[in-house]
Amino acid sequence: MDQVSLSAFAFLFSELVQYSQKHVKGIQDLEKRLNLVGYRVGQRLLELLVFRDRGSKRDVKLLNALLFINTNVWKALFGKPADSLEKSSEHDDEYMISDNDLVVNRYISIPKEMSQLNTGAFIAGIVEAMLDGSGFPARVTAHTVPVAGFPFRTTILIKFDAKVMDREKRLADK
Amino acid sequence: MSYYFAIVGTRDSPIYEAAIGNPLKDDGKHLHQFVLHAALDFVDDIMWTTPNMYLRVVDKFNDWFVSAFVSAGNVRFMLLHDSKNEDGIRNFFTDVHELYIKSLMNPFYEVNDPIDNPAFDLKVRTIARRFL
């Protein structure tokens, strides 16, 4: 398995954030830009990882696709599976993947006036591309949710489109 | 033994086409795209029922069969053929799939862009010669 130097990646990512900051006005735009960059990465990662890890099998069920992201993708990117995958109790179409210490956030310090920003938007873009590509279109965003002991815990919130839930229900009933 | 092969992107437009041999010569070459496009509906239905990427024969047109293969990113590889050769076709699809992933790794190539690289075309024809 190939390893990339952490400092090289941290430097590259910080340059990416700075470059994006120059061209945008506001936090929403910055998160959208990072999301777009991550989207392009995710499109390629999807095909590559499925080819390497699953051979000729694709995920047809929503839960399997999420589990694939939770374990395989996280392992390929960060060396360990994500810390948790949860289903929201209020909304049927929302799921959350959490990580206590995202590598991309470790070396980015957020000034107080931008406390809403979470550069995990890059990872959210990767997840969104992988879900879109496999046929489960969704809106994916990154939020900081501090929890005792982990002040920088990031939660990736995934909200699926209505037609995905319809199709899941149809296929489950058959 | 002739075949017509096409790679269809996520928005249902052809990214790459190759005619190997001379299929459908009597009925008119313009029918290739039409037949494959009509078969897309069947592919869309079947692909949600199985986790396999290779979907075997999905449609029949007069004497010709349409076989399909769906990649992880919902890019469809479709082959119009007249003889049944499941193993050969499966190997063909697997190798072209690998070739497609290698093209995807190019950061200047966006998903759904047409592939007009002559090296890609040459490799596809070599794979076809080996398995079909």
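No lab work stands behind these numbers, since they all come straight from the coordinates. Everything numeric here is computed off the predicted structure, so don't read it as measured data. With ideal geometry, Cβ positions are generated from the backbone for all residues, glycine too; neighbour counts draw on all protein chains shown.
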Count - residues of region B:91-129 that are surrounded by 13 or more Cβ atoms within 10 Å (Cβ to Cβ), outside any loop (DSSP other than H, G, I, E, B) and of a type in the set (A, V, I, L, M): 7
Would a scan of region A:107-121 turn up a residue that is away from every other protein chain (no Cβ under 14 Å), farther than 20 Å from A:GLN18 by Cβ and exposed (fewer than 12 other Cβ atoms within 10 Å of the Cβ)? no
Filtering region A:96-147 for residues that are of a type in the set (Phe, Trp, Tyr) and in a loop (DSSP other than H, G, I, E, B) leaves a count of 2
Name the single residue that is surrounded by the most Cβ atoms within 10 Å (Cβ to Cβ) among those in region A:36-56 being closer than 10 Å to A:VAL73 by Cβ and more than 7 Å from every other protein chain (Cβ to nearest Cβ). A:GLY42
Unmet criterion (only one of (1) more than 26 Å from A:ASP59 (Cβ to Cβ); (2) within 12 Å of the chain's Cα centre (by Cα)) for A:GLY149: (2)
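Take the residues in region B:65-88 that are in a helix (DSSP H, G or I) and free of Cβ contacts under 8 Å to residues at least 40 places away in the same chain; name whichever of them is surrounded by the fewest Cβ atoms within 10 Å (Cβ to Cβ).
B:ASP87
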